[in-house]
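Please read the structure below before turning to the comments.
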């Protein structure tokens, strides 16, 4: 959802002092939570720099979504929630769009926290109101926490297990007590808690899918809907927070509508036909070939590429190292040699994406070519476990010229496989050793689990190259439900997946890479990484006392993961592709994160909605 208020953000938070108000010595009060350093916006700031505080209100934004919906509750796992439902709600604090890991008060005017970080108190604004005029109180925060914690998946439960107690300290203060050694990012996660009205849910089943109109305190309410087809939101004219610094210049449309389409192809044609107003495009091919025509030539549709500075993590083909055939990192590297990304970049992606070269791509956490003294000190205790290249050689992902001719790489891959005990027999690669993780004579055969034909254009050339090595890759396509179940149970040999990177990493590193997550179904250790070195580095990241210590530990982790060849990397771009109708204006300053339409407004006199499709 491109317009949404983030409900949960996994970031590492420390308290930044902005005023002297506090409950006791050693306790500070702040208007902001920051991942380190001083927040850009001081207490009492008027508005964010990336908004127009004088933007006119009015007009309609037409958006879209895929599939259908049968619920208005975005906080439960059951059902399909309507697009935009989170616009009805407010959270305790909101993210700054031009800072990493900094949050400012919305429902909460500020927070208290002691130096030992054993608890946090949110101070609620007394003027905060739900749409029925009822005040938002600490009781609502406690209710929301208790309701939501029972519905979180494994990822969030890992964090909330570290909360010892939550209690209302009067009508406008709520306190969360943490267990010993709780994660440093826990205060920030709580800051993103959406607050629900306890009085509206008291006699209802919170976990049931429902199309009853929800009550919230946010900038919009549901005006009308056609189940599974469309939903319309109207701006709350007397929205209690409309003049707060975190809201000024935002939520400018009087009406927001979402029309539903059955798939992405139909949705794109609907945009070209004038049925909705904007879209972000992920496909380089589609961007190059489909965003043209009379409407574009006439300037009725504008196209723009907007750079961003977000950390991008890693995406690609993930080896499940729980499988005997993929336990050997040199064997995994041989398969990496057989994947011709240069050809894919040239033929499929129009030469656009840069290949991922780090698990923390586009961030200062990417490992430099060689480890410095700080990294070496972290890695030295694991010299016997780690390949010597971790200490001596930069990790270079093999590239090609895009011609599709990678004979030398395939020869090198075949040599590695031979050195690791694999032999060609009857044009098939089989395991030739009497002892080892694989039964002698077993063929090199594995299954790629897919939920979409979209990856076929990448997989089929890879499959052909593997067959030249005597390896059989079977592409198995599952429906969405079966795919999700198998992924949660780690029931696959190889999948296409990505691992995000937060501006300030935290508990997600443990979920992605720590041994504790490798055997816990539903976690995110998709590669099955079990490494004492990785476990040690993840713990160092979670306990880092300052930014420099964190960066060195992240560099070391990146280096170890790269040398382990747990993935075959794809590529990415460091910008967003945006197409929109020429009826909008937007601020001159674009935030470094994903640009949202909450700061746009309709240019006066430009809100005519087409009655139907036009020539495109």
- prompt: Is one or more of the residues making up region 516-525 touching a helix residue (DSSP H, G or I) at 6+ places or on another chain (Cβ under 6 Å), in contact (Cβ under 8 Å) with a residue 40 or more places away in the chain and within 15 Å of residue 374 (Cα to Cα)?
  reply: no
- request: Considering only region 136-146, state which residues are outside any loop (DSSP other than H, G, I, E, B) and out of contact with any helix residue (DSSP H, G or I) (no Cβ under 7 Å at 6 or more places or on another chain).
  value: 138, 141, 142, 144, 145, 146
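If you take just the helices (runs of 4 or more DSSP H) that sit entirely in region 504-553, which of them hold at least 2 residues that are surrounded by fewer than 15 Cβ atoms within 10 Å (Cβ to Cβ) and in the same structural domain as residue 492 (by the TED database)?
532-542
For region 440-466, name all the residues that are surrounded by fewer than 18 Cβ atoms within 10 Å (Cβ to Cβ) and modelled with pLDDT of 95 or more. Outline the logic, then answer.
Start the filter on region 440-466 by keeping residues that are surrounded by fewer than 18 Cβ atoms within 10 Å (Cβ to Cβ), which leaves 440-443, 445, 447, 452-454, 456-457, 460, 463-464.
Once the filter is applied, which keeps residues that are surrounded by fewer than 18 Cβ atoms within 10 Å (Cβ to Cβ) and modelled with pLDDT of 95 or more, region 440-466 yields 440, 441, 442, 443, 445, 447, 460, 463, 464.
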message: Residue under question is residue 289, and the condition is that it be at negative phi, out of contact with any strand residue (DSSP E or B) (no Cβ under 8 Å at 6 or more places or on another chain) and not assigned by the TED database to the domain that holds residue 362; does it hold?
response: yes
Check on residue 549, on the phi > 0 side of the Ramachandran plot and modelled with pLDDT of 90 or more: no
query: In region 210-252, what count of residues is obtained for those that are exposed (fewer than 15 other Cβ atoms within 10 Å of the Cβ) and assigned to a loop (DSSP other than H, G, I, E, B)?
result: 8
message: Any residue that is at pLDDT below 95 and closer than 30 Å to residue 536 by Cβ - is there at least one of those in region 606-615?
response: no
- prompt: With respect to residue 354, is the statement that it is under 27 Å from residue 460 (Cβ atoms) and at pLDDT 95 or above true?
  reply: no
- prompt: Looking at region 96-154, which of its residues are on the phi > 0 side of the Ramachandran plot and surrounded by fewer than 20 Cβ atoms within 10 Å (Cβ to Cβ)?
  reply: 117, 133
- prompt: Looking only at region 175-192, which residues are surrounded by fewer than 24 Cβ atoms within 10 Å (Cβ to Cβ) and assigned to a loop (DSSP other than H, G, I, E, B)?
  reply: 179, 180, 181, 182, 183, 184, 192
field: Considering residues of region 156-173 that are surrounded by fewer than 16 Cβ atoms within 10 Å (Cβ to Cβ) and more than 17 Å from residue 119 (Cα to Cα) only, the residue modelled with the highest pLDDT
entry: 171
statement: Within region 455-494, the count of residues that are under 23 Å from residue 80 (Cα atoms) and in a helix (DSSP H, G or I) comes to 9
- prompt: Does residue 260 satisfy the criteria of being assigned to a loop (DSSP other than H, G, I, E, B), under 28 Å from residue 606 (Cβ atoms) and either at pLDDT 95 or above or not assigned by the TED database to the domain that holds residue 419 (or both)?
  reply: no
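The values are calculated or read from the model by the stated rules, or taken from the named source; none is laboratory data. It should be emphasised that the depicted structure is a prediction, and the values quoted were computed from it without experimental measurement. Cβ coordinates were reconstructed from backbone atoms using ideal geometry, including for glycine residues, and neighbour counts include every protein chain displayed.
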